[in-house]
Amino acid sequence: MLGATTVHDAFSYNPHQGLSRNSGVRKRDGFEHASIRRLRAKEYIFCEGDPRTQIFLVEQGVVALSKVLGDGRRQVIDFAYPGDYIGLGLHGEYIFDAQATCAAKVKCIAASALEEAAASDPDLALMLYKAVSAELATARNLLVCVGQGTAMERIAAFLVRLRDRAASSGRNGSAFSLMMRRSDIGDLLGLTIETVSRTLTKLRSMGVIEIVNSTEVHVLDEVKLEQLAA
């Protein structure tokens, strides 16, 4: 798997944000009796190359999924938010690093247990299939965004995605938290930390957003933000 997936949600495509996760009715997902693991900021859940023994469900916080390139640079593949699953796939080892960007909590279940449950539960198997398909669509959309979008378009699209995730979870979509460092955002979008900070400042000066205490984003002009993300 390339990143994180929400197997219990319904997925839809939006040209401004790519893949959005629209909350649906949660079904049995195999995590009813999972163990809980609490993480400190910057603590790793697992690293690339570790044996893939467990699958994780994010309960609180945000987890950065990344790979270290041959020259030492870090590429963030995606961020996993509450409701997202990490570690699905058929590989015998994890193919990326998973690191908490802030204090976080995840549920853990043996990969073999979830796979055995899916083998005898068609609904669960279908959910996992949809998760894999959705994750591939997310990866493709990120590739287009990073490959073709300007810095403003990349940042705006990222904020639109966070706004829509907040709204789909029942929170006020016009206000959400950046629970990751500016460098993490840059490593996802292929931008330097200076460019990320400069672009956010420009969005503030344009009256599109306001940032409180460096982490709380308030969207002031949703129409303009979507236009910039197009």
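The values are calculated or read from the model by the stated rules, or taken from the named source; none is laboratory data. Treat the numbers as computed from the prediction; the structure is a model and nothing was measured. Cβ placement follows ideal geometry from the backbone for every residue including glycine, while neighbour counts extend to all protein chains displayed. Areas reflect the complete protein model, heavy atoms only, side chains present, ligands, DNA and RNA absent. Shrake-Rupley method; radii C 1.70, N 1.55, O 1.52, S 1.80 Å.
Got at least one residue in the range 70-91 being surrounded by 23 or more Cβ atoms within 10 Å (Cβ to Cβ), out of contact with any Cys (no Cβ under 6 Å at 6 or more places or on another chain) and over 19 Å from residue 162 (Cα atoms)?
Checking the range 70-91: at least one residue is surrounded by 23 or more Cβ atoms within 10 Å (Cβ to Cβ), out of contact with any Cys (no Cβ under 6 Å at 6 or more places or on another chain) and over 19 Å from residue 162 (Cα atoms).
Can you tell me which condition residue 137 does not meet? The list is (1) touching a strand residue (DSSP E or B) at 6+ places or on another chain (Cβ under 8 Å); (2) exposed (fewer than 15 other Cβ atoms within 10 Å of the Cβ); (3) within 30 Å of residue 213 (Cα to Cα), and all the others hold.
Residue 137 satisfies every listed condition except (3).
Of the residues 20, 12, which single one is at pLDDT below 50 and open to solvent by 30 Å² or more (accessible area, probe 1.4 Å)?
One residue alone meets the criteria, 12.
Give the range 101-132 a look and list any residue that's open to solvent by 30 Å² or more (accessible area, probe 1.4 Å) and touching a strand residue (DSSP E or B) at 6+ places or on another chain (Cβ under 8 Å), or say none.
103, 105, 107, 110, 130, 132
May I ask you to list the residues in the range 143-166 that are over 19 Å from residue 183 (Cα atoms) and among the acidic types (Asp, Glu)?
Once the filter is applied, which keeps residues that are over 19 Å from residue 183 (Cα atoms) and among the acidic types (Asp, Glu), the range 143-166 yields only 164.
List, please: which pairs have Cβ atoms under 8 Å, are six or more places apart or on different chains, and start with a residue in the range 33-45 that is open to solvent by 90 Å² or more (accessible area, probe 1.4 Å) and end with one that is of a type in the set (Ser, Thr, Tyr) and in a loop (DSSP other than H, G, I, E, B)?
Taking only residues 6 or more apart or on different chains, the pairs are 42/101.
Take the residues of the range 95-114 that are modelled with pLDDT of 95 or more and part of a loop (DSSP other than H, G, I, E, B): which is nearest to residue 135 (Cα to Cα)?
Filtering first and then ranking leaves 101.
Answer yes if at least one residue in the range 164-178 is open to solvent by 40 Å² or more (accessible area, probe 1.4 Å), touching an Asp or Glu at 6+ places or on another chain (Cβ under 9 Å) and over 30 Å from residue 90 (Cβ atoms), and no otherwise.
Yes - at least one qualifying residue is present in the range 164-178.
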